[in-house]
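See below for the structure under consideration.
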Amino acid sequence: MKRTLNNLGKWQAVAGMVLALGLTASPAKAQLTNSSLHSSKAAIQLNATLPAQLRLSLSDINLDIKISDPTQSSQVVAVPVTSSWVLDTASNNVELVGFFDSPDAAMMDNRGHTIPASHVLGGLTQDSMTPFVESSRVGTANASRTFYRQQISQHNVADTRTDILQIQLSRIDDLGAPASEYRGVLHLRLVSY
């Protein structure tokens, strides 16, 4: 019986040593696992494409211009307009275009007398006012006017500007149109390309 206890005691001693080694080895293994989770710093490049955004403070201007003397130009109507955009770098230009629905009848009085777009002047300053006779990227052919064309670079792909549009009727006596109050709608569009 003594012999069995002795063998049993040896086995207990060996089991205790294995258990002790297992407990002390366990933190070493945990340390090894934690250290394997760390990595060196790496640069990450994120590329995102935003859709182009073009905004105007107003898109239609209801004009109501009185002509007292058909041999004289009307008074200038000043309209503030704010343009803003967020574009991608593929865009080269942004432009503000104004246009009427018809080159022959941009404005009309309540008796049916019409004023063609060629007799409506527009510009950003009074010195730069010209008739609405262009054919632009948007709008009606021969009834449009580009107010500005701004080149786009990496420095202004997102920008805002405020302009005062100047609108005036030129003399209408050559049309045989009388002194009256003429109305029309000037459409505005901001275009990028």
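The values are calculated or read from the model by the stated rules, or taken from the named source; none is laboratory data. This structure is a prediction, so every number in the text was calculated from the model and none was measured. With ideal geometry, Cβ positions are generated from the backbone for all residues, glycine too; neighbour counts draw on all protein chains shown.
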Give the residue, chosen from Val86, Val79, Val97, that is touching a Lys or Arg at 6+ places or on another chain (Cβ under 6 Å) and among the hydrophobic types (A, V, I, L, M, F, W, C).
-> Val97
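This table checks each residue for (1) in a strand (DSSP E or B); (2) more than 18 Å from Asp101 (Cβ to Cβ); (3) free of Cβ contacts under 8 Å to residues at least 24 places away in the same chain; (4) hydroxyl-bearing (Ser, Thr, Tyr).
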| position | (1), (2), (3), (4) |
| --- | --- |
| Thr140 | no, no, no, yes |
| Thr162 | yes, yes, no, yes |
| Arg171 | no, yes, no, no |
| Asp174 | no, yes, yes, no |
| Pro178 | no, yes, no, no |
Looking only at segment 56-75, count how many residues are in a loop (DSSP other than H, G, I, E, B), in contact with a strand residue (DSSP E or B) (Cβ under 8 Å, 6 or more places away or on another chain) and over 25 Å from Val138 (Cα atoms).
-> 3
Tally of residues being part of a helix (DSSP H, G or I), touching a residue at least 40 places away in the same chain (Cβ under 8 Å) and either of a type in the set (A, V, I, L, M, F, W, C) or surrounded by 17 or more Cβ atoms within 10 Å (Cβ to Cβ) (or both) across segment 108-133 = 1
Unmet requirement for Leu46, which otherwise passes all of (1) over 19 Å from His155 (Cβ atoms); (2) at pLDDT 95 or above = (2)
With the condition kept exactly as written, say whether any residue in segment 80-87 is without any contact (Cβ under 8 Å) to a residue 24 or more places away in the chain and under 20 Å from Leu63 (Cα atoms).
-> no
Counting only residues that are exposed (fewer than 14 other Cβ atoms within 10 Å of the Cβ) and under 15 Å from the mean Cα position of the chain (by Cα), which one in segment 160-193 is nearest to Ala52 (Cα to Cα)?
-> Tyr193
Of the residues in segment 76-90 that are surrounded by 14 or more Cβ atoms within 10 Å (Cβ to Cβ) and assigned to a loop (DSSP other than H, G, I, E, B), the one that is modelled with the highest pLDDT is Val76
